[in-house]
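Below is one structure, written out as structure tokens; the observations come after it.
Read-outs: derived from the displayed coordinates by stated rules, not from any lab. Since this is a predicted model, take the numbers as computed values, not measurements. For neighbour counting, all protein chains shown are included, and Cβ atoms are generated from backbone atoms with ideal geometry for every residue, glycine included.
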Amino acid sequence: MDNRNTNVNELEAAKQLEIINELKVSFEQEYEKTGKRKTYHIETFGCQMNSRDSEKISGILKQIGYVETDTENADFVLYNTCTVRENANNRVYGRLGYLGKLKKSHPGMLIALCGCMMQEAQTVEKIKTSYRFVDIIFGTHNIFKLAELLQTRLDSKRMVIDLWKNTDMIVESLPNDRKYSFKAGVNIMFGCNNFCSYCIVPYVRGRERSREAQDILDEIKGLATDGVVEIMLLGQNVNSYGKNLETPMSFAQLLIEIEKIEGIERIRFMTSHPKDLSDDLIDVMKNSKKICKHLHLPVQSGSSRLLKLMNRRYTKESYLELVEKIKAAVPDISLTTDIIVGFPGETEEDFLETMDVVKKVGYDSAFTFIYSKRTGTPAATMEDQVEEPVAMERFDRLLKEVQLSSAKSAGKDEHTVLKVLVEEVNSQDPNLLTGRLSNNLLVHFPGESELIGKIVEVYLAESKGFYYMGKLI
Ligand code: 5AD
Ligand code: SF4
């Protein structure tokens, strides 16, 4: 990104801050009159990108003077939507019906829809005709404009729709409401250029854009000063970070710079595309003291024939070779993956190749999905769409194989002492704390809440499959 763009981004941020302040003044005046603060509630669907976006939305609303509430009976309700699979869309429509009824008994309630689903023209048409009570619709590219859209809605009393097809703007300096004080997600890039043939993401999140390394480093330094010890670098395909920057920089180089930041103890990242995972990155992971021993490496299918149709640009063999290379360099790495069953044309033989990969890799866990047809993607019009009962039956078999695989790798650290980042008081037993190992597994152990946000040493006394029971050292 060049300097001109940097200036445009800064000007936009200044403009939005001005609107936020104007709204803040009028919200404060209303509070003085009524003695009541306006409330907001965000429902977030989908992935970590959406969660991060919701933190931005929340930051803007809090700055304006809204207070968060955990029910949908709020003055401003926002749905940050996902469209990666059809059932994500259905969930939103289902809840929207309920929200429409709630609005009738809550005078002045505002409803906003944003996120990936809104980037699809047919969705917006449907909402315009069947869900007239929605007040604001925006998309994935213009979250930073929320205050402006809210102001327009308050002034005009009409449905406000603002959707961008694409953007090269990156406005990241607005208020932010982080969910945790000690760990934070950091966007390093937006969008995706891969066009896997089943996937809607490139159409709704736009082309790949990397943030300037200096901006990322400054943000992380700020987080470290604020007490953050763990960061999760976010992007649809972090391994191709930096390719479109004026001075290109690789993801491996970025990690080396991040590692130098004092106060940051743990670095995670998501998601890695196998085709772009470089030897340099493996080297950096091997030598790093801070990068967590966990790699999420979506395989999607074990059949080279299907991988080609999926436009994944690797084969079963090259994926397995990559896994071996990683395991050799970082022996205690925990590998997780995403798998789709029932992709168009998938035969029993293709499916068995996928089962074989699961056996060979030994994943710690896997997210398994039944293929969902997304209109507008190449796979949606492919022949031989797999019948639902066949896909369901394969899905069940796959799930069993995945469970076997995770059961095998679970417990391998039993009776050792490992570092744990303490995250919260256990939700079932207030005498226990819950924390996370470098490999992402949970550990529960007796302790005081003062330890939340600290990295402590814990003896892993007993493996319970997907988590450990431990003792503080
Ligand atoms: N159907 C099923 N699963 C999908 N994913 C993406 N698109 C689809 C689809 N059309 C899965 C992939 C991806 C994860 C985030 O969602 O496995 O890695
Ligand atoms: Fe979708 Fe493929 Fe991009 Fe991932 S890499 S977001 S699966 S197109």
- Message: Give me P(r) over segment 322-376, computed from all C-alpha to C-alpha distances, binned every 5 Å, as integer percentages.
- Response: 4, 16, 23, 20, 16, 11, 7, 2, 1
- Message: Please list 3J(HN,Hα) in residue order for segment 210-226, calculated via the Karplus relation 6.51 cos²θ - 1.76 cosθ + 1.60 where θ = phi - 60°; whole Hz, with x for glycine and proline.
- Response: 9, 7, 4, 4, 4, 5, 5, 5, 4, 4, 5, 4, x, 5, 4, 4, 7
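Per the Kirkwood definition applied to all pairs of different Cα atoms, how many angstroms is the hydrodynamic radius of segment 197-311? List each step's numbers first, then the result.
Details: mean 1/r = 0.0648 Å⁻¹.
This gives a value of 15.4 Å.
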- Message: Tell me the net charge near Cys199. Cut-off is 12 Å between Cβ atoms, Cys199 excluded, with +1 for each Lys or Arg and -1 for each Asp or Glu.
- Response: +4
- Message: Could you tell me what a quarter of the Cα convex hull surface of segment 257-309 works out to, in nm² with one decimal place?
- Response: 4.4 nm²
- Query: On alpha-carbon atoms, Rg over Rh for segment 1-94 using Kirkwood Rh?
  - Reply: 1.07
- Task: Specify which residue in the list Ile455, Ser438, Ser301 is farthest towards the positive end of the charge dipole of the chain, using unit charges on the beta carbon of Lys, Arg (+1) and Asp, Glu (-1), about the Cα centre.
- Result: Ser301
- Work out the charge dipole of segment 178-288 with +1 on the Cβ of Lys and Arg and -1 on the Cβ of Asp and Glu about the Cα centre, then indicate which of Ser288, Val228, Thr271 is farthest towards its positive end. Thr271
- Query: How large is ³J(HN,Hα), in whole Hz, for each residue of segment 252-269 in order, when computed from phi with the Karplus curve 6.51 cos²θ - 1.76 cosθ + 1.60 and θ = phi - 60°, using x for Gly and Pro?
  - Reply: 4, 5, 4, 4, 4, 5, 5, 4, 6, 6, 5, x, 7, 9, 9, 10, 10, 8
- Query: At a Förster radius of 41 Å, what calculated FRET efficiency corresponds to the Cβ-Cβ distance of Ser130 and Lys325, to the nearest 0.05?
  - Reply: 0.20
- Amide H of Leu110: which non-local residues (sequence gap of 5 or more, or other chain) have their own amide H closer than 5 Å, using H built in the peptide plane? Phe76, Val77
- Message: Taking the Cα centre as origin and putting +1 on Lys and Arg beta-carbons and -1 on Asp and Glu beta-carbons, what dipole magnitude results for segment 287-377, to the nearest 20 debye?
- Response: 480 debye
- Note on the structure: Partnerless cysteines (no other Cys beta carbon under 4.7 Å) identified across the chain are Cys47, Cys82, Cys114, Cys116, Cys192, Cys292
- Spelling it out for Glu424: with amide H atoms placed in the peptide plane at 1.01 Å from N, the residues 5 or more places away or on another chain with amide H under 5 Å from its amide H are Thr434
- What aspartates and glutamates could a cross-link reach from Lys293, if we take a straight Cα to Cα line under 17 Å and drop same-chain neighbours fewer than 8 places away? Glu230, Glu259, Glu265, Asp279, Asp280, Asp283, Glu324, Asp332, Asp364, Asp413, Glu414, Glu457
- Item | Long-range HN-HN contacts of Val67 with modeled amide H, under 5 Å | Lys38, Thr39, Tyr40
- Query: Over its Cα atoms, what ratio of radius of gyration to 2.2 N^0.38 Å does the chain give?
  - Reply: 1.01
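Given the -39500 (n - 2.57) contribution per DSSP H run of 4+ residues, what per-residue ellipticity at 222 nm results for the chain, rounded to the nearest 500 deg cm²/dmol? Numbers along the way, then the final one.
Values: 13 runs with 181 residues, N = 473.
Theoretical 222 nm ellipticity from helices: -12500 deg cm²/dmol.
Calculate the dipole size of the chain relative to its Cα centre from +1 charges on Lys and Arg beta carbons and -1 charges on Asp and Glu beta carbons; express the result in debye to the nearest 20.
On the way: 62 positive and 69 negative charges, 163 e Å.
Taking the Cα centre of the chain as origin, the dipole is about 780 debye.
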- Query: Å³ per residue of the Cα convex hull, for segment 132-229?
  - Reply: 148 Å³
- Alpha-carbon centroids, segment 372-386 and segment 292-340: separation in whole Å: 24 Å
- Charge-dipole axis of the chain as Lys and Arg at +1 and Asp and Glu at -1 on Cβ define it, positive-most pick from Thr129, Met118, Leu245: Thr129
- Message: When a/c reaches 1.5 or more, the comparison of a/b and b/c decides; with that in mind, is segment 395-473 rounded, prolate or oblate per its Cα gyration tensor?
- Response: prolate
- Taking Cα atoms, how many degrees apart are the long axis of helix 3-34 and the longest axis of the chain, rounded to 10 and kept between 0 and 90? 60 degrees
- Task: Would you please give the FRET efficiency between Ala380 and Ile161, computed as 1/(1 + (r/R0)^6) with r the Cβ-Cβ distance and R0 = 25 Å, to the nearest 0.05?
- Result: 0.45
- Note on the structure: Expressed in nanometres to one decimal, the distance between label points 7 Å along Cα→Cβ at Asp338 and His415 is 3.9 nm
- How long, wide and thick is segment 30-175, going by the Cα atoms along their three principal axes, in whole angstroms, largest first? 44, 36, 28
- Item | About the Cα centre, charge dipole magnitude for segment 74-121 (Lys/Arg +1, Asp/Glu -1 at Cβ), debye | 200 debye
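Report the Stokes-Einstein translational diffusion coefficient (µm² s⁻¹, integer) for segment 355-432, Rh taken as the Kirkwood radius over Cα pairs, at 37 °C with viscosity 0.692 mPa s.
D, rounded to a whole number, is 201 µm²/s.
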- Query: For a label point 7 angstrom out from the Cα of Leu472 toward its Cβ, which stretches of segment 433-464 have the backbone nitrogen within less than 16 Å?
  - Reply: 433-436, 443-461
- Note on the structure: Here segment 435-450 yields Karplus 3J(HN,Hα) values (6.51, -1.76, 1.60; θ = phi - 60°; whole Hz; Gly and Pro given as x) of x, 10, 7, 3, 7, 5, 6, 8, 10, 10, 7, x, x, 9, 5, 4
- Ordered by number, the GluC sites (Glu not before Pro) in segment 324-424 that occupy a DSSP loop and have at most 16 other Cβ atoms within 10 Å are Glu383, Glu387, Glu414
